[in-house]
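Here is the structure we will look at, set down as structure tokens.
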Amino acid sequence: MRAHDSAAPTEAEHPPAPSLLLRNVRVGSRGPLGNVLIADGRVEAITLDTLETLDISNTPDVPARSHDEVLDGGGRTLLPGLWDAHVHMVQWASARRRVDLSGARSARGAAATMAAAAADKGNSSTEDPLIGYGFRDGLWPDKPEPSLLEWRAYPERVVALVSNDLHTAWLNRAALHKIGYPNHPTGVLREHECFAGLAQLSKVPSEIMDRWVAEAVRAAAARGVTGFLDFESDDNLTDWRRRANSHTLQARVTGAVYPAYFDQAIEDGLRTGDVLAGTAGLVTVGPLKVFVDGSLNTRTALCHQPYPDQMPEGQEHGLLETGPLELERLMARAKRHGLQTAVHAIGDKANGIALDAFDKVGCAGRIEHAQLIDRGDVRRFARPGLVLGVQPAHATDDRDVADRHWAGRTDRAFAYADLLGAGASLEIGSDAPVSPLDPWQGIASAVARTGTDGRAPWHPEQRISVAAALAAASAGRRSIRVGEPADLVLCEEDPALLDHHELREMPIFGTLLAGRWTHRPA
């Protein structure tokens, strides 16, 4: 059982949802028209014009009784609710308020964008750090330097820029002084230095952050999201329990456990899939998160072949964060205490290390990203109980960086068709804020292998079908079935009939979580 499957609300924790009859809806992509009855938070009955389509011929007729709400769907398409399999919710909620650097093509260009933002009256408070987000420096012609972020008009302004992959931060001298690195030689922090420095600079009171998070979750619900797996590198379970007490959650949440909170989770007797008390049945315990390597854009993903750029001594092939023996030890300990493990692995060597550990420990769990894989490992990803958390939007966003730094190997980068063909289980996530928390972006990228810039598909042989992409973006749910939680999305169009540009802009009529509307038009 996957962690979020057990997250359905119980009557003791969640009052019964009102009954809802959806009439004249298309049940599933390319499915027949029919009626769907929702009661007590679950799908109670389905009647279809063509029962054979969904193989539910034993479904009883919709009971002839009054309902709290009856909605004519007008032929709109009803799908299982979308599940984002990899988000960093606090960072996503924060990034929504940061300076957009996605268009920066050089260090000087990024600095100019930040200078313009500093001059904007909306950013006039010099007491708060000015933070930009979203740069990709893997193809920049110049190098970031602290002096580029220092301006006479704002001599003491704390300025920090965060890379799109979250693994690099570029700081000015005021910011370096604030986090205790006054003599840092470059102002560019990577990996653990980056994570620690940004945690200091972006700290805000929990009540403010919880409001930002609630707003971000509502925005996700407006795109059909009914749940997500949160990999925020903090005490996720404590934070989400607090949020459930202060806000009405608009999605199910599975919270990852980081090593710093591993002992506490064991002491509390928490196991992957457990529902946290006091969260209306909406928050569950996720996997232990362990990093094997870094990232592509930062050139710290661990690969068999060296990077073409000059890298620090000992890091020519990337960065090994957790060695094989330590990884196996952590996974075995997690297994003994009922916790699955989610292993961050991006480079081909890192993925091999992760697969070896799963083989030796013999446990279920996840590999997050699996961006570059060895041809000889493809079938190994199909092992029972293993889920691959993948981010198709990265394939289109990072194609140029991959072509440069993984030259000659990109036929096995983001190789979703090969992995599905081998029998691997894929779940689509955004890795927000690395890409927006909008599953339709990942779905469209997986189907088309290209973005919005009109370029030809990148390795089109790795495209997957709309049906496969929808299932991967719905935590494996391929159809709507009687008895399951009524986590559903009502789309204005049938995804199977749209091109990838239209898929990205899929209009959502409404989203249901356990039979309650979390989004619907006024």
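In the range 328-346, the residues that are more than 27 Å from LEU166 (Cβ to Cβ) reach residues that are in a helix (DSSP H, G or I) and among the charged types (D, E, K, R) with C-beta atoms within less than 9 angstrom, at least six apart or across chains, in these pairs: ALA332/LYS360. For the range 205-230, the candidate set comprises residues that are over 27 Å from ARG366 (Cα atoms) and among the acidic types (Asp, Glu); within that set, the residue that is surrounded by the most Cβ atoms within 10 Å (Cβ to Cβ) is ASP210. Taken together, GLY103, GLY74, GLY138 contain a single residue that is outside the structural domain of LEU189 (by TED's automatic domain parsing) and part of a loop (DSSP other than H, G, I, E, B), which is GLY74. The helices (runs of 4 or more DSSP H) located wholly in the range 383-434 that include 3 or more residues which are out of contact with any helix residue (DSSP H, G or I) (no Cβ under 7 Å at 6 or more places or on another chain) and in contact (Cβ under 8 Å) with a residue 40 or more places away in the chain occupy 399-405.
Among the residues of the range 279-309, those identified as of a type in the set (A, V, I, L, M) and either under 21 Å from the mean Cα position of the chain (by Cα) or surrounded by 24 or more Cβ atoms within 10 Å (Cβ to Cβ) (or both) are LEU282, VAL283, VAL285, LEU288, VAL290, VAL292, LEU296, ALA301. Please count how many residues of the range 482-508 are closer than 12 Å to LEU78 by Cα and out of contact with any Ser or Thr (no Cβ under 7 Å at 6 or more places or on another chain). Residues flagged as closer than 12 Å to LEU78 by Cα and out of contact with any Ser or Thr (no Cβ under 7 Å at 6 or more places or on another chain) within the range 482-508 amount to 5.
Rundown of residues vs (1) aromatic (Phe, Trp, Tyr); (2) part of a loop (DSSP other than H, G, I, E, B); (3) at positive phi; (4) in contact with a strand residue (DSSP E or B) (Cβ under 6 Å, 6 or more places away or on another chain), yes/no style:
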residue	(1), (2), (3), (4)
LEU166	no, yes, yes, no
TRP170	yes, no, no, yes
HIS177	no, no, no, no
TYR181	yes, yes, no, no
HIS184	no, yes, no, no
HIS192	no, no, no, no
LEU198	no, no, no, yes
VAL213	no, no, no, no
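Out of the residues in the range 444-454 meeting the condition of being out of contact with any Leu (no Cβ under 6 Å at 6 or more places or on another chain) and touching a residue at least 24 places away in the same chain (Cβ under 8 Å), tell me which one is farthest from ARG477 (Cα to Cα). Per the stated criteria, the residue is THR452.
Scanning the range 138-153 for residues that are more than 23 Å from HIS184 (Cβ to Cβ) and at pLDDT below 90 turns up at least one hit. Scanning the range 270-286 turns up no residue that is in contact with a Leu (Cβ under 9 Å, 6 or more places away or on another chain), farther than 29 Å from VAL225 by Cβ and either β-branched (Val, Ile, Thr) or modelled with pLDDT under 95 (or both).
Within the range 261-275, can you find the residues that are closer than 10 Å to ALA334 by Cβ and either surrounded by fewer than 13 Cβ atoms within 10 Å (Cβ to Cβ) or among the hydroxyl-bearing types (Ser, Thr, Tyr) (or both)? Once the filter is applied, which keeps residues that are closer than 10 Å to ALA334 by Cβ and either surrounded by fewer than 13 Cβ atoms within 10 Å (Cβ to Cβ) or among the hydroxyl-bearing types (Ser, Thr, Tyr) (or both), the range 261-275 yields only THR272. If you take the residues in the range 245-260 that are of a type in the set (Gly, Ala, Ser) and either touching a strand residue (DSSP E or B) at 6+ places or on another chain (Cβ under 6 Å) or farther than 23 Å from THR226 by Cα (or both), which one is surrounded by the most Cβ atoms within 10 Å (Cβ to Cβ)? The extreme case among them is GLY255.
The values are calculated or read from the model by the stated rules, or taken from the named source; none is laboratory data. Owing to the predicted nature of the structure, the values given are computational and were not obtained by experimental measurement. All Cβ positions, glycine included, derive from the backbone under ideal geometry; neighbour counts span all protein chains shown.
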